Protein chains: 2
Amino acid sequence: MVLSKACTYGILATLYVAKENKEFVPIRELSDELHISFHFLTKILQQLTAQGLLISLKGPKGGVKLAKDPATITYYDVIRAIDGDEVFTECVLGLPGCGHEAPCPIHEFWSPTRDLLKTTFVSQSLEESAYQINELKLRLSLGHWNLEEE
Amino acid sequence: MVLSKACTYGILATLYVAKENKEFVPIRELSDELHISFHFLTKILQQLTAQGLLISLKGPKGGVKLAKDPATITYYDVIRAIDGDEVFTECVLGLPGCGHEAPCPIHEFWSPTRDLLKTTFVSQSLEESAYQINELKLRLSLGHWNLEEE
DNA sequence: AATTTATCAGACAAATTAGTCTGATTAAAA
DNA sequence: TTTTAATCAGACTAATTTGTCTGATAAATT
Ligand code: SF4
Ligand code: SF4
């Protein structure tokens, strides 16, 4: 598993917020639509607000919204806020004291892949995905396809 | 974390066995040299023998050895034997019922990366790494560099 | 001001992963 | 044939991640 569950939930939620493009989406709406546990999602989003990616408001009409223009927020930003950047920096073999001075046998063929992993997430903004979701009606939900209404 | 700890330990151990190139390396030697818990490593290697990647022998002069020519064993084989192939097939967002018919907004930019991830591990054999370890004296151990003897 | 609706804070529980331990089994060597 | 050195099998513990719950707090509406 590349990303933790908390992290994927965080991405799904920020994508939803980005595509809705309205002020303060309540977490309840997010958890309902995305089929994610409300309380768990709440904790995750609290991390994102603490990291400055989201702004939250209590009370009626409250919820969360993006702190910045979605065009300036990348997947990498969200991932780093929740999982840290270990995925993009650590050795796939978890060897300590890694570096070019004392490379492990994996380094040579792993580091290009690791770099692409980072590039992939750095180069995609929430806005781009949000646009695609709206235009192409792409799905954005856990919960099984076709099993429920709609 | 891309690979589980069990998986990275399994890779380290098979690399060690491949580079030693002698009959039946005892697990104790592996756990000592690689600084991995003996009992934990034992369980992991049992999986690998069950999957047919290793052959084991009990008793004195016993241990494990590769079941095939290391040139024909890839990282992918070891990973699949321990972690399964979910890393290479699953969605990074863990959405269910994935596929080209109902792609999620991640698919388009994630799938090339996921493919490289697979290609990376498929295209590297244990023999190649073992060769590099021996020739370039690359390190292959948890346990901190320079802190202990040698 | 009171009520309602939302996040926030943090304790708690469940599930998964990581790691430990003991004894049984097998094979080589003495 | 006895001892010794190894894996095998499986129960057990610890740590981490995931998920649940309750109450406090804040803002908007009435
Ligand atoms: S040298 Fe490369 S592959 Fe090896 S531990 Fe460091 S980052 Fe990882
Ligand atoms: S369409 Fe692609 S990115 Fe989306 S869930 Fe399936 S594999 Fe994952």
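Kindly list, by first and then second residue, each pair from a residue in the stretch B:75-101 that is small (Gly, Ala, Ser) to a residue that is modelled with pLDDT under 80, limited to pairs with Cβ atoms under 7 Å and residues at least 6 apart or on different chains.
These pairs meet every condition: B:Gly97/A:His144; B:Gly97/A:Trp145.
Given the conditions (1) modelled with pLDDT of 95 or more; (2) under 20 Å from A:Ile44 (Cα atoms); (3) within 9 Å of chain B (Cβ to nearest Cβ), which single one is not true for A:Leu140?
In the conditions (1) modelled with pLDDT of 95 or more; (2) under 20 Å from A:Ile44 (Cα atoms); (3) within 9 Å of chain B (Cβ to nearest Cβ), A:Leu140 misses (1) alone.
Determine if the stretch A:52-59 includes at least one residue that is within 14 Å of another protein chain (Cβ to nearest Cβ), more than 16 Å from ligand 2 (Cβ to nearest atom), among the β-branched types (Val, Ile, Thr) and on the phi < 0 side of the Ramachandran plot.
Among the residues of the stretch A:52-59, not one is within 14 Å of another protein chain (Cβ to nearest Cβ), more than 16 Å from ligand 2 (Cβ to nearest atom), among the β-branched types (Val, Ile, Thr) and on the phi < 0 side of the Ramachandran plot, which makes the answer no.
Would you check which residues across the stretch A:1-24 are charged (D, E, K, R) and either assigned to a loop (DSSP other than H, G, I, E, B) or modelled with pLDDT of 95 or more (or both) and list them?
Passing the criteria: A:Lys5, A:Lys22, A:Glu23.
A:Lys61 - would you say it is near DNA strand D (Cβ under 10 Å from one of its atoms) and either assigned to a helix (DSSP H, G or I) or at pLDDT 95 or above (or both)?
yes
Restricting attention to the stretch A:25-46, and to residues there that are assigned to a helix (DSSP H, G or I) and touching a residue at least 40 places away in the same chain (Cβ under 8 Å), which single residue is farthest from A:Gln124 (Cα to Cα)?
Going through the qualifying residues, I end up with A:Glu33.
The values are calculated or read from the model by the stated rules, or taken from the named source; none is laboratory data. None of the values given here were measured: they were computed from a predicted structure. So basically every Cβ, Gly included, is an ideal-geometry build from the backbone, and we count neighbours across all protein chains shown.
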